[in-house]
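> Below is one structure. I have some questions about it.
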Amino acid sequence: MDKIQNRQRISYFSVGPCYVTIITLLAVVGIHISKMGYLSGGYFEFLRTPMSVMGTIVLGLALFLCIETVKTSRLFQQIRDNKLITTGVFAWVRNPLYTGITLIVIGFILRNNNLFLLPLIFIYWGAMTRLVKREEEDLEKIYGEEYRAYKSRVNCCIPWFPDRLGYKR
């Protein structure tokens with residue numbers, strides 16, 4: 001029997017849905033509270049345009065990552081086939097879908113232009129890296145050295161150019 005068929009299967013959803021639900025709810029509640037005027041001390045009119053521009057750029061990057069992850073990388077087909085994906089956006093970041101969804105929420109926070117909501121960004125990133133560590137332990141058990149080598153050359157959550165293009169992290 002083929003070596004790939006003998007190893008454990010990876011999960012379609014792992015920690016993702018729980019993480020996405022929590023960060024989305026926190027962002028919606030925070031933005032709603034902000035819009036109601038309870039956090040008005042964090043709003044600065046002179047930052048409205050720069051925050052909106054930054055939020056839009058972050059949203060654009062996020063949508064690109066999510067679309068590339070699901071469509072171009074054929075994520076669900078690769079999971080079904082129990083293959084480790086290391087090309088495309090997976091060569092830039094090991095967790096492009098988690099990163100993309102996190103960036104979508106961050107983009108909306110930035111566009112809201114309330115500095116009191118900015119700590120949520122660090123909470124989200126910290127939560128994502130903790131949850132991903134648990135998932136990566138499973139991936140190491142399933143893919144062994146192949147995953148460890150991939151992990152050593154590609155960032156966990158912050159997209160960066162692949163080393164083969166001559167860029168160094």
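What follows draws every value from the coordinates through simple rules; no lab data is involved. The structure displayed is predicted, hence computed values, not measured ones. FYI the Cβ positions are ideal-geometry reconstructions off the backbone, even for glycines, and counts take in every protein chain you see.
> Between Val132, Val58, Val70, find the one with the highest GNM mean-square fluctuation for the chain; connect C-alpha pairs within less than 10 Å.
Val70
> In addition: Over 25 Å between C-alpha atoms is what I'm after, so list which of Lys35/Lys133; Lys71/Lys151; Lys35/Lys71 land there.
Values: Lys35/Lys133 35 Å; Lys71/Lys151 23 Å; Lys35/Lys71 35 Å.
Violating the 25 Å limit, Cα to Cα: Lys35/Lys133; Lys35/Lys71.
> Considering every Cα-Cα pair within the chain, what fraction, in whole percent, is farther apart than 22 Å? Numbers along the way, then the final one.
On the way: 6961 of 14196 pairs.
That fraction is 49 percent.
> Moving on. Which value, in debye to the nearest 20, describes the size of the charge dipole of the chain about its Cα centre when Lys and Arg Cβ atoms bear +1, Asp and Glu Cβ atoms bear -1, and nothing else is charged? Don't skip to the end; give the middle numbers.
On the way: 21 positive and 12 negative charges, 38 e Å.
I would put it at about 180 debye.
> Restricting to Cα pairs below 8 Å that are 6+ residues apart, what does the relative contact order work out to for the stretch 46-158? Please round to a whole percent.
Working: 107 pairs, mean separation 40.7, N = 113.
The value is 36 percent.
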